[in-house]
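The values are calculated or read from the model by the stated rules, or taken from the named source; none is laboratory data. Predicted model only: the values in this text are computed from it and were never measured. We place every Cβ from the backbone using ideal geometry, glycine too, and count neighbours over all the protein chains shown. Side chains included, ligands, DNA and RNA excluded: accessible areas come from the protein's heavy atoms. Shrake-Rupley method; radii C 1.70, N 1.55, O 1.52, S 1.80 Å.
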Amino acid sequence: MGAKASNGCATRQITRRAVIQRSLGLAAAGTLVPPYISRAATTTAEVWWPQGFIPEEDTSLKKAVADYEKASGNQIDLNIAPFAPQRQKIVAAVTSGVVPDIFRSSPDEAVALFAWEDMLVDVSDVVETQKEEFSETALLNTYCYNRLTKQRAFYGVPDVTTACPNHVWRSLVEKAGYKIEDIPKTWDAYYDFFKDVQKKLREQRLRNVYGLGFQVTTNGNDPNQLFNYFLIAYGGQNIITKDGKLHLDDPQVKEAAIMALEFVASAYKEGFVPPSALNWNDADDNNAFHAKTIVMDLDGTISTEVAVLSQGKKEDYDEIVTMGLPLSNDGKPVPSYAVGACAVIPKGAKNVEVAKELLKYLVQPLVINERLKTGLGRSIPSMPSIVKSDHWWFDDSHRAAYATQGLLNPTVPQYWAFNPAYAQVSNEHTWSQGWLDIIQNGMTPQAAAEKAFRRVEEIFAK
């Protein structure tokens, strides 16, 4: 997905008691309508946005901003930069108080961390303009708790949804003597299949090809997502419930966490994951996939696919198979742990009014749809009605698989939507540290899990 976030986003240690999640009754329906512009007094707003994975994404954002400038008369100072340095820049800006008017929540949990510390402007009025269009998951991911006001509010404006599909090289599967249709449908069997693919390829002297692209690292968003997908698949979905309560006392949740640590770490120790994965950032698994040194990758968005399409490699694009999630080991659908990627307005912003007007413009369905389509559909919108009303999203097998998984099939919000303490768990990479404890420190999965449990409980107790 994105790049490394080694510095994190917590500018000071957060302290909290478990907070209560109020339930939302939210619908997502409607049709695409032309964008509306409210003309405020002409002024300039500064916007920081992460660089796209392909040039088309930056082009599409620039066009949307230019269209807003033309319609509103306002000027936007748009700063597009790579993920890693921009994340560091955001931390420095929020710490110093010298901030832009808008930036993207990066890493994902930043919106919850900054909202907890009362560092963000309430953007409920912006969200309200399209509230009926957003998916429930997108809204929950941006409805954050502020420890000073002791209330929840919308602190992020979600425009895209991110889920993690499986990306598979058809050519490598077939070279191993299998067909895509041979891939099992249940969780462990699905990923074990690629171990067998690796063994068959090694017999053909392809010694630098690994079956699995697991991100066993403590950098960026990817390892947090990977752990939580396995946790949910193994029955641990209720680790945090909507009331904000932690359930590590639930034997099913504890067993699921142990299994998630064990399966991924064992795959690495057994040689089915590239050795360099210990130090990967969010872009390195994509690079490994493109180099065909991994057969498959469980990773967010279809950046893997559209990157080769953007480079004119249509043959490679057609060789990749985008697949949704396998069923759980007992044959039940596994919901996707989805992110409502969002833009935020930091407190201290000089031009809040213009920032809100810009976000109201960018979050209109017609604008979102045009921007994401120009960006080759790497990201899916946060509004189900967009894909339901535009067949373009289903005219391509990659987009169709991703849109179905992330918008039409069941999803669950990030756990920090229920309790901001989990944002700190993610920020510290508590769970993926458990993989390293097994791999590097020789701990058993049970011991590594117990260590992680203690740290999670400490964070939630503060």
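Observations
- Considering the conditions (1) open to solvent by 20 Å² or more (accessible area, probe 1.4 Å); (2) under 30 Å from Asp125 (Cα atoms), Met323 is excluded by exactly one of them, (2).
- Any hit, the range 283-302, residues being farther than 23 Å from Phe83 by Cβ, at pLDDT 95 or above, out of contact with any helix residue (DSSP H, G or I) (no Cβ under 9 Å at 6 or more places or on another chain) and not polar (S, T, N, Q): no
- Note on the range 263-336: enclosed helices (runs of 4 or more DSSP H) holding 3 or more residues that are polar (S, T, N, Q) are 303-310.
- The range 39-85, subset open to solvent by 50 Å² or more (accessible area, probe 1.4 Å) and hydroxyl-bearing (Ser, Thr, Tyr), residue farthest from the chain's Cα centre (by Cα): Thr42
- Scanning the range 145-176 for residues that are of a type outside the set (Asp, Glu) and free of Cβ contacts under 8 Å to residues at least 24 places away in the same chain yields a total of 2.
- Residues within the range 241-267 that are hydroxyl-bearing (Ser, Thr, Tyr) and closer than 14 Å to Phe418 by Cβ, tallied: 1
- Across the range 191-217, the number of residues qualifying as within 25 Å of His429 (Cβ to Cβ) and out of contact with any strand residue (DSSP E or B) (no Cβ under 7 Å at 6 or more places or on another chain) comes to 4.
- Residue in the range 237-262 that is least open to solvent (accessible area, probe 1.4 Å), counting only those that are assigned to a loop (DSSP other than H, G, I, E, B), touching a helix residue (DSSP H, G or I) at 6+ places or on another chain (Cβ under 8 Å) and touching a residue at least 12 places away in the same chain (Cβ under 8 Å): Leu248
- Test for Lys292: is it open to solvent by 10 Å² or more (accessible area, probe 1.4 Å) and either in contact with a strand residue (DSSP E or B) (Cβ under 9 Å, 6 or more places away or on another chain) or under 27 Å from Ala400 (Cβ atoms) (or both): yes
- Residues that are open to solvent by 10 Å² or more (accessible area, probe 1.4 Å) and farther than 16 Å from Val47 by Cβ, drawn from the range 86-108: Gln88, Val91, Ala92, Thr95, Ser96, Gly97, Asp108
- Scope the range 380-428; condition in contact with a Ser or Thr (Cβ under 9 Å, 6 or more places away or on another chain), open to solvent by less than 10 Å² (accessible area, probe 1.4 Å) and of a type in the set (Gly, Ala, Ser); matching residues: Ser382, Ser385, Gly406, Ala417
- Sole residue being closer than 21 Å to Ala417 by Cα, in contact with a helix residue (DSSP H, G or I) (Cβ under 8 Å, 6 or more places away or on another chain) and not in a loop (DSSP other than H, G, I, E, B), chosen from Val65, Val127, Val47: Val127
- Unmet requirement for Asn208, which otherwise passes all of (1) open to solvent by 10 Å² or more (accessible area, probe 1.4 Å); (2) outside any loop (DSSP other than H, G, I, E, B); (3) not charged (D, E, K, R): (2)
- Matching residues in the range 76-103 - criterion: being of a type outside the set (A, V, I, L, M, F, W, C) and farther than 16 Å from Lys356 by Cβ: Asp77, Asn79, Pro82, Pro85, Gln86, Arg87, Gln88, Lys89, Thr95, Ser96, Gly97
- Checked across the range 148-159, the condition of being surrounded by fewer than 24 Cβ atoms within 10 Å (Cβ to Cβ) and in contact with a Gly (Cβ under 9 Å, 6 or more places away or on another chain) holds for no residue.
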